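Participant: Can you keep this structure in mind? I'll have questions shortly.
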Amino acid sequence: MKADDVPPQLIGTWKLVTNTLVEIPSGVRTDLMGANPIGFINYGKDGRMMILQVSQGRKKPAAGAPTAAEAEALFRSFLGYAGTYTVSGNKITHHVELSWNETWTGTDQVRIYKFDDNRVTLSTEASPDPIHGKMSVRELVWQKVE
């Protein structure tokens, strides 16, 4: 990847503002990780990226180690992966090297990006969402961490 291919404003750390799931074909909009999701995405000058997201209100396990039900709830309220990225036109492709969900490891995750001042919206192409499996487009709005 040539550094010239990457918009300079993309480089750095971004904090998640919203993560909206738009169901296909109904158009129903849902806050995928709750009204106040927590997350960060980082794009490095070296062509590497990483993302972590959690739902609001995650509950700590009652004991030190989670029960099976607690572990499932924690898994379903988390999303994370890392790898390299490339930019082509208005698309960023995340080349996933490791993931919270092994079905994503080794895949390419394509995002359509659009800048608006100190925010960037990353939208998926139509596909099943990784939490519930609903056919949808996910729109994530990120704000630049200064």
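Participant: Could you please tell me which pairs satisfy a Cβ distance under 9 Å, a separation of 6+ or placement on different chains, a first residue in the stretch 9-23 that is closer than 10 Å to VAL145 by Cα and in contact (Cβ under 8 Å) with a residue 40 or more places away in the chain, and a second residue that is among the charged types (D, E, K, R) and open to solvent by 30 Å² or more (accessible area, probe 1.4 Å)?
Facilitator: GLY12/LYS144; GLY12/GLU146; THR13/LYS144; TRP14/ARG119; TRP14/LYS144; LYS15/LYS144
Participant: Here's another thing I want to ask about it. Got a number for residues in the stretch 129-146 being within 14 Å of TRP14 (Cα to Cα) and surrounded by 13 or more Cβ atoms within 10 Å (Cβ to Cβ)?
Facilitator: 5
Participant: Given the options THR103, THR93, name the one that is touching a Ser or Thr at 6+ places or on another chain (Cβ under 7 Å) and not basic (Lys, Arg). Spell out the reasoning first.
Facilitator: Numbers: THR103 fails: touching a Ser or Thr at 6+ places or on another chain (Cβ under 7 Å).
None of the other options fit; the residue is THR93.
Participant: Does THR20 fit the bill of being surrounded by 15 or more Cβ atoms within 10 Å (Cβ to Cβ) and closer than 15 Å to ARG138 by Cα?
Facilitator: yes
Participant: In addition: Can you tell me which residue is nearest to the chain's Cα centre (by Cα) among those in the stretch 106-128 that are surrounded by fewer than 18 Cβ atoms within 10 Å (Cβ to Cβ) and in contact (Cβ under 8 Å) with a residue 24 or more places away in the chain?
Facilitator: Checked the stretch 106-128; the qualifying residue nearest to the chain's Cα centre (by Cα) is TYR113.
Participant: Also: Working only within the stretch 119-145, note down all residues that are out of contact with any Gly (no Cβ under 9 Å at 6 or more places or on another chain) and among the charged types (D, E, K, R).
Facilitator: Scanning the stretch 119-145 gives ARG119, GLU125, ASP129, LYS134, ARG138, GLU139.
Participant: Give the residues of the stretch 23-53 that are among the aromatic types (Phe, Trp, Tyr) and either under 19 Å from ASN101 (Cβ atoms) or open to solvent by 60 Å² or more (accessible area, probe 1.4 Å) (or both), sorted by residue number.
Facilitator: Within the stretch 23-53, just PHE40 meets the criteria.
Participant: PRO25 versus (1) part of a strand (DSSP E or B); (2) under 20 Å from SER127 (Cα atoms): which is the lone unmet condition?
Facilitator: (1)
Participant: Checking the conditions here, which among THR107, THR13, THR93, THR84 is among the hydroxyl-bearing types (Ser, Thr, Tyr) and touching a His at 6+ places or on another chain (Cβ under 7 Å)?
Facilitator: Answer to the check: THR84.
Participant: Can LYS60 be described as open to solvent by 70 Å² or more (accessible area, probe 1.4 Å) and free of Cβ contacts under 8 Å to residues at least 24 places away in the same chain?
Facilitator: Details: open to solvent by 70 Å² or more (accessible area, probe 1.4 Å): yes; free of Cβ contacts under 8 Å to residues at least 24 places away in the same chain: yes.
For LYS60, the condition - open to solvent by 70 Å² or more (accessible area, probe 1.4 Å) and free of Cβ contacts under 8 Å to residues at least 24 places away in the same chain - is met.
Participant: Tell me which of these VAL120 doesn't satisfy, since it passes every other one: (1) more than 13 Å from LEU32 (Cβ to Cβ); (2) in a loop (DSSP other than H, G, I, E, B).
Facilitator: (2)
The values are calculated or read from the model by the stated rules, or taken from the named source; none is laboratory data. Everything quoted here is computed from the prediction, not taken from an experiment. With ideal geometry, Cβ positions are generated from the backbone for all residues, glycine too; neighbour counts draw on all protein chains shown. Areas reflect the complete protein model, heavy atoms only, side chains present, ligands, DNA and RNA absent. Shrake-Rupley method; radii C 1.70, N 1.55, O 1.52, S 1.80 Å.
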